[in-house]
1. Can you tell me which residue in segment 218-239 is farthest from residue 88 (Cα to Cα), limited to those that are modelled with pLDDT under 80 and either charged (D, E, K, R) or in contact with a Pro (Cβ under 8 Å, 6 or more places away or on another chain) (or both)?
2. Given 84, 88, 78, which one is closer than 20 Å to residue 235 by Cα and either aromatic (Phe, Trp, Tyr) or surrounded by 15 or more Cβ atoms within 10 Å (Cβ to Cβ) (or both)?
3. Residue pairs, Cβ under 8 Å, 6 or more apart or interchain, first in segment 178-194 and farther than 12 Å from residue 77 by Cβ and of a type in the set (Gly, Ala, Ser), second assigned to a loop (DSSP other than H, G, I, E, B) and modelled with pLDDT of 75 or more. List them.
4. Taking only segment 221-248 into account, find how many residues are surrounded by 13 or more Cβ atoms within 10 Å (Cβ to Cβ), over 21 Å from residue 301 (Cα atoms) and aliphatic (A, V, I, L, M).
5. Checking residue 126 against (1) among the β-branched types (Val, Ile, Thr); (2) in contact (Cβ under 8 Å) with a residue 24 or more places away in the chain; (3) more than 24 Å from residue 241 (Cβ to Cβ); (4) not in a helix (DSSP H, G or I), which test does it fail?
6. I'm trying to understand the selection: among the residues of segment 309-327, which are buried (at least 20 other Cβ atoms within 10 Å of the Cβ) and part of a loop (DSSP other than H, G, I, E, B)?
7. So residue 201 fits all but one of (1) in a loop (DSSP other than H, G, I, E, B); (2) in contact (Cβ under 8 Å) with a residue 24 or more places away in the chain; (3) small (Gly, Ala, Ser); what number is the exception?
8. Being out of contact with any helix residue (DSSP H, G or I) (no Cβ under 7 Å at 6 or more places or on another chain) and either surrounded by fewer than 18 Cβ atoms within 10 Å (Cβ to Cβ) or in contact (Cβ under 8 Å) with a residue 40 or more places away in the chain (or both) is the filter here; which residues of segment 270-280 pass it?
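The values are calculated or read from the model by the stated rules, or taken from the named source; none is laboratory data. Just so it is clear, the model here is predicted, and its values are computed rather than measured. Cβ sites come from the backbone with ideal geometry, for glycine too, and all protein chains shown count toward neighbours.
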Amino acid sequence: MADPSVPTPPPMNPAAGNAASNASSGDASKPRNLADVLREFSEHQQKMRDELAKVIVGQTDTIEQLLAAIFTRGHCLLEGVPGLAKTLMVSTLANILDVSFKRVQFTPDLMPSDITGTQVMEEDETGRRSFRFVEGPIFANILLADEINRTPPKTQAALLEAMQERQVSVGRETHALPEPFFTIATQNPVEQEGTYPLPEAQLDRFMFNIKIDYPSAEEEEKILMATTRGESATVNKILSARAILNCQKLVSSIAAGPLVIRYAAQLVRATRPSDESAPKYVQELVDWGAGPRAGQNLIAGGKAIAAMNGRFSVEPGDIQKIALPVLRHRIATNFQAQAEGMNTDSVIQRLLSDIPIPEPAKMERSK
């Protein structure tokens, strides 16, 4: 039976959308059930991956996490040494979406008004003066904050309200940002001279902290072959802004059962050294752990992974798949951990292996 409450992502291409609808339901006028909607959503995200693969070689997990963030209204922080195509990946992602895109190169002299916008005084024909707000680059669907740790905290803080409330306050006025809105920031973890590390409050606003590693030998050969020919690949647009909003509603409707909720809560609570459920090594190696927002992001990210795989509900494996990017920037290890060669990723990996997946309660037989 069809569920009228389930939103259907409208296709970008009407002809392709009709073909997909006919193929899934047999009749374009027939209402589709959740299985049909999930199948179409899965096809759309696969098309997005195929388009990204025209430009980006490898980075499968990174692309999956970026798509999961987009479908759950999340923001991403990309970390990687120079030359790993962080900026190219974000700009290509913006090209396959029919949305506005702005890139801001963060520098030490960048001011908050350079991002949010400012008020300018204008004088009309009668000589009357008034202020008019001129929007900054943050008024875009996708904002690329390139090398965000290159700018002082005052300018970094200009993104806090925008990322959390999706609005900007200038003077006495509050201006809503366009929907959808995503902030994707990049930073170089190696060169730290003249940088301003992001405060914990702002790090917590990022749904994922994605670390991009070096490509494999085979992938590096493909990169060299593709980028030295003097040719550039052209990508096609897949989803519109309205379609993305509908996809977000669809992902939020994916079910997360009590066992998955309990597992996510146990993972998050185990990262806190003051919690009675925390293992001994967490109490010894961690200064402070993740807050409730980490659990919310685990569930939201798990829903996105489940939906992209065409499933109706979240599985514990989905939580495990995104635990690293969700938790790694919400845990602070101490000097003892550094002396033992342990970082946040090592602690999370150990927690994933030590904390068992909750088992469903056994039903008692009635006498």
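1. Once the filter is applied, the top-ranked residue is 229.
2. Residue meeting the stated conditions: 84.
3. Taking only residues 6 or more apart or on different chains, the pairs are 194/108.
4. 4
5. For residue 126, the exception is condition (2).
6. Once the filter is applied, which keeps residues that are buried (at least 20 other Cβ atoms within 10 Å of the Cβ) and part of a loop (DSSP other than H, G, I, E, B), segment 309-327 yields only 314.
7. (1)
8. Within segment 270-280, 274, 276, 280 qualify.
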